[in-house]
Amino acid sequence: MAGQIEAEMEFFDYDYSSFYYSSSDDVFAILEPYTQWYDQAQVRGYALYAQPMSSRPATRVDLREKLGQGRLNLLNLSSYNYLGMSARPEVIAAAKRGLDQYGLGAAGSPVLSGTMDVHLELERELASFKDKPAVLLFPSGYSTNVGLLQGLMRPGDLILCDQNVHASIVDGAILSKADVRFFKHNRPDDLEKKFNARRGKKLVVIEGVYSMDGDVCRLPEIVEIAKAHDARIMIDEAHSTFIYGEHGRGVAEHFGLEDEIDIHVGTLSKAMGGQGGFVAGSTSLYKYLEGFARSRLFSCSLSPVVASGVLEAVRIARREPELRAKLWANVRHMRARLAEHQVDVGDSTSQIIPLMIRDDRRIFDIAHHMQRSGLYLQPIVYPAVAKHRSRFRISVSAAHTTGQLDEAVDILVRVLRTEGVL
């Protein structure tokens with residue numbers, strides 16, 4: 001028994017960071033030890049990741065067990081389908097019409113044969129929605145941030161990022177070869193220090209809502225500091241576009257600071273239930289990135305089928321503000337129910353509600369217990385969050401019913417109490 005416990009502890013002493021470097025001169029030397037660890041990880045709980053789904057990412061989903069042959073029908077709190085657009089009949093019908101008209105894919109990069117009229121129509125619709133002169137489409141949210149930062153910034157420039165920004169922002173900043181500095185999360189005072197009387201081109205990069213903690217950026221203070229240092233400002237509103245603000249334009253609109261932000265980034269894979277990303281800004285920014293954002297320039301264009309569906313989703317979101325109202329009513333209800341049971345949700349104020357566990361070893365056992373109890377809620381561990389900051393992450397949708405949210409809370413509380421977390 002002691003040997004089994006010792007082996008278990010040894011296994012949990014490893015994670016992805018243990019396999020980042022290898023002392024060997026052989027590029028492939030790291031593959032076998034990683035595979036051995038990963039195979040054990042699957043058996044011991046990591047099998048919860050990449051479970052094949054055989055249904056829409058709706059409020060209930062059908063999953064196949066990775067280590068078994070069974071199928072599960074679970075209440076879904078994991079998908080980013082914030083406004084329920086992925087399953088809207090009008091969106092599906094529009095995508096089908098797009099398939100009939102354009103075929104499956106664009107079959108070319110945007111600057112060659114991959115631009116279709118539906119792409120331009122979607123750009124115009126998004127520009128009108130964001131109240132900006134121009135919007136440039138990208139095939140994914142990840143490629144948007146990578147291409148934007150790599151395309152705009154150069155060696156010798158300065159990029160100042162909140163330390164909790166998405167990996168795509170980090171990767172784009174690194175590819176630009178600019179000087180990259182990270183300031184403490186949501187700490188304008190630390191941003192001030194990081195400028196350090198720096199001269200030259202400067203860009204501050206933040207997010208509207210941070211995806212792992214669910215907290216909102218301190219935008220007014222950050223804008224004031226950035227302007228004082230003659231820095232441009234980029235905000236990634238992946239988790240706040242179509243959700244925050246009077247018209248749904250995001251956190252910048254919520255604070256009344258849209259015109260103070262130089263670069264607005266959004267995604268089409270979350271509230272719009274589709275795929276792709278976009279940059280909203282000046283016409284000159286559009287034209288420059290069209291030529292210099294390599295992740296777009298050398299990628300196949302966004303599928304016209306997806307573009308057709310997303311175009312309809314954007315139009316629905318604009319004409320049905322009650323969707324945002326329903327989402328926020330659901331968020332308030334979920335927060336009130338969790339507060340009744342004193343569930344730790346960290347600093348979240350958004351539709352993303354983390355359930356803080358802070359136990360990297362036990363979280364997978366708890367997650368399996370959640371699934372067996374009927375709830376699809378994925379564990380979040382390193383490298384998505386810092387070590388010993390593990391949590392579950394609830395994504396509330398406008399499509400959830402009050403009854404479904406109550407059922408979810410009942411399951412959560414029962415499991416957390418059984419597991420000794422509450």
Which listed residue, of Ile235, Ile243, is within 15 Å of the chain's Cα centre (by Cα) and either closer than 23 Å to Ser86 by Cβ or surrounded by fewer than 24 Cβ atoms within 10 Å (Cβ to Cβ) (or both): Ile243
Is there a residue in region 406-420 that is touching a Phe, Trp or Tyr at 6+ places or on another chain (Cβ under 7 Å), of a type in the set (Lys, Arg) and not in a strand (DSSP E or B)? no
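Residues checked against (1) under 21 Å from Ile235 (Cα atoms); (2) touching a Lys or Arg at 6+ places or on another chain (Cβ under 7 Å); (3) surrounded by 17 or more Cβ atoms within 10 Å (Cβ to Cβ); (4) not charged (D, E, K, R):
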| site | (1), (2), (3), (4) |
| --- | --- |
| Phe278 | yes, no, yes, yes |
| Leu297 | no, no, no, yes |
| Ser301 | no, no, yes, yes |
| Val310 | no, no, yes, yes |
| Ala325 | no, no, no, yes |
| Ala329 | no, no, no, yes |
Per-region count, region 255-271, residues out of contact with any strand residue (DSSP E or B) (no Cβ under 6 Å at 6 or more places or on another chain) and touching a residue at least 24 places away in the same chain (Cβ under 8 Å): 8
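Every residue in region 119-141 that is surrounded by 17 or more Cβ atoms within 10 Å (Cβ to Cβ) and in contact with a Ser or Thr (Cβ under 7 Å, 6 or more places away or on another chain), please.
His119, Ala134, Phe138, Pro139, Gly141
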Quick one: would you say Ala325 is at pLDDT 95 or above and closer than 17 Å to Glu246 by Cα? yes
How do the helices (runs of 4 or more DSSP H) wholly within region 140-255 filter down when requiring 1 or more residues that are of a type in the set (Ser, Thr, Tyr), in contact with a helix residue (DSSP H, G or I) (Cβ under 8 Å, 6 or more places away or on another chain) and assigned by TED's automatic domain parsing to the domain that holds Leu289: which remain? 141-152, 167-176
Among the helices (runs of 4 or more DSSP H) lying completely within region 285-402, list those that include at least 3 residues that are among the acidic types (Asp, Glu). none
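The values are calculated or read from the model by the stated rules, or taken from the named source; none is laboratory data. Computed from a predicted structure; not experimentally measured. We place every Cβ from the backbone using ideal geometry, glycine too, and count neighbours over all the protein chains shown.
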